[in-house]
Amino acid sequence: MTASFLHCRRCLYTTAHPLGLVLDDEGICSGCRIHEEKDTLDWAERWERLRTLVAPYRSRSGEQYDCIVPVSGAADSYYIVHLVKERLGLNPLLVTYNKYFNTALGIRNLANLRIRFDCDLLQQNVNPHSVKKIVRSTLREFGSLYWHCIAGQTVFPVQTAVRYRIPLILWGAHQGLEQVGMFSHEHEPEMTRRYRKDHDLMGREADDLLSMFDTLKEEDIWQYRYPDDAALAEVGVRGIYLGNYVRWDPKAQHEQMMASHGYRTAAFARTFDCYDHVDCWNYMGLHDRLKLHKHGYSRVTDHASREIRHGRITRAQGLALVRAHEQAPVPHQDLFCRWLGIDPSGLDFIADRHRNPAVWQAQAPGQWTFAGWSTHADEAAAEAPQDLFTANDVLAHDGVEGYVTVGKGHP
Ligand SMILES: [Zn+2]
């Protein structure tokens, strides 16, 4: 195969990135260029802008929450709550969407988050029957078991803002800014329905699912429907990204939270980052396999590109890390098959249908050759660095088998 895409000369992304990425005259990508702002912007001044921005949302009576913070048992939840509660001095209502693929470690991290930061937490549990129907449909048609997770995580905070009349939602970093430099930090992009639909949800909102799948009914999708513009305007709902005002560095932030607030982490076979997605059995498993099938790269490329941009590894070391992890066996698919009630060969059949023919070639039934960018990047060999990240726990805890579909919390 000949590559029809171009490589960034600094990080490991190519112009095939699904969020859209451009190279400049020097062959450096838009994501790397926007990352340079992290070392040039006046972050003390930007923090003051944030303080000014949130000030009018502070509840005067003390009988209402100041803002909503979407959280999980991983992602950047600890650091976000630390900024909101301990540095901005706001009283947040934490909200979380139950994705069902929960690890015991994620349930533990979420319970500890609530306790250590002394916050109220609201959880949305959509009934498992509808969730499974949606997963069956989106897996088959989009090669995604994560549509429901992303739809739920991005809509439940907005619905809660309307229902509880709490206008301000505080998110962590903006993915389009962080990965591909879709915006400058100084543009201060805010949450929009449009970005959610086009990029988070692959162009399909809840109502689009209804028209695509005759298996899904109104009762299955209404919980994922974004509030209408009139309802949002009436409350004045606004979602802002803390990454526009704070120099975002997930590795350093997680290590700070491990030391100060008891955040726990775990090692994964398919990446070297031990800090993110420890709440999910599938994100670094089946979901990561499907990402490689569809896009020709997997999460380890995201992680390595980020570490290169932060100057902690070289490009050659990043490539070595990608090659060390990218084709690792996909763990925990048995748990997924048992949960959804399908057999492993059926899962493979569906997953193979989503292999991108630009990077995958069938040699024989069940045998594929891979020609993703990592196989033809001509980089001087380097050793994959060891122990960049620290795992201080594991995904499964004693006595807990498989998915913790509703966690009762943690002492
Ligand atoms: Zn780049």
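The values are calculated or read from the model by the stated rules, or taken from the named source; none is laboratory data. Since we're looking at a predicted model, the values are computed, not measured. As a convention, Cβ positions derive from the backbone with ideal geometry for all residues, glycine included, and neighbour counts pool all protein chains shown. In case anyone asks, the SASA skips ligands and DNA or RNA and just uses the protein heavy atoms, side chains included. Shrake-Rupley method; radii C 1.70, N 1.55, O 1.52, S 1.80 Å.
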- Query: What percentages, rounded to whole numbers, describe P(r) for the stretch 341-411 computed over all alpha carbon pairs with 5 Å bin width beginning at zero?
  - Reply: 3, 9, 12, 11, 11, 12, 18, 14, 7, 3, 0
- Message: Roughly how far apart, in whole Å, are the Cα centres of the stretch 275-294 and the stretch 163-194?
- Response: 23
- Excluding ligands, DNA and RNA, the carbon-plus-sulfur percentage of the accessible area of the chain with a 1.4 Å probe reads 49
- Average accessible area per residue (Å²) across the stretch 205-251 - probe 1.4 Å, nucleic acids and ligands excluded: 45
- So what's the convex hull volume per residue for the Cα atoms of the stretch 279-347, in Å³? 90
- Task: Step through the table entries Lys38/Lys294; Lys132/Lys217; Lys99/Lys132; Lys133/Lys217; Lys38/Lys197, compare each Cα-Cα distance with 20 Å, and write down the pairs that go over it.
- Result: Lys38/Lys294; Lys38/Lys197
- Query: Over the Cα atoms of the stretch 101-161, what Rg and Dmax result, in angstrom?
  - Reply: 13.9, 42
- Averaging sequence separations of C-alpha pairs under 8 Å and six or more residues apart, then dividing by the length of the stretch 1-107, give the relative contact order as a whole percent. 16
- Would you kindly derive the ³J(HN,Hα) couplings of the stretch 284-298 from the backbone phi angles with the Karplus curve 6.51 cos²θ - 1.76 cosθ + 1.60 (θ = phi - 60°), listing them in order in whole Hz, with x for Gly and Pro? 9, x, 4, 4, 6, 4, 5, 4, 5, 4, 7, 10, x, 8, 10
- Message: Going by Cα centres, the stretch 46-81 and the stretch 337-361 are how many Å apart?
- Response: 41
- Message: Please compute the Kirkwood hydrodynamic radius over the chain, one decimal place, Å, based on all pairs of different Cα atoms.
- Response: 22.2
- Note on the structure: Karplus-derived 3J(HN,Hα) from phi for the stretch 248-258 (6.51 cos²θ - 1.76 cosθ + 1.60, θ = phi - 60°), whole Hz, x at Gly and Pro, runs 7, 8, x, 5, 5, 5, 5, 5, 5, 6, 4
- Amide H of Ile169: which non-local residues (sequence gap of 5 or more, or other chain) have their own amide H closer than 5 Å, using H built in the peptide plane? Ile68, Arg238, Gly239, Ile240
- Task: Could you point to the residue in Ala231, His277, Leu50 farthest towards the positive end of the chain's charge dipole, with +1 and -1 charges on the Cβ of Lys/Arg and Asp/Glu respectively?
- Result: Ala231
- Note on the structure: In Å, the Kirkwood hydrodynamic radius from C-alpha pairs for the stretch 133-266 sits at 16.7
- Just add up the charged neighbours of Val126: K/R +1, D/E -1, any other residue whose Cβ is under 14 Å from the Cβ of Val126. +2
- Message: For a quick check: with amide H placed at 1.01 Å from N, whose amide H comes under 5 Å from Val95's, ignoring anything fewer than 5 positions away on the same chain?
- Response: Val69, Val71, Leu122
- Once normalised by the length of the chain, the mean sequence separation of its alpha carbon contacts under 8 Å that are 6 or more apart gives a contact order in percent of 22
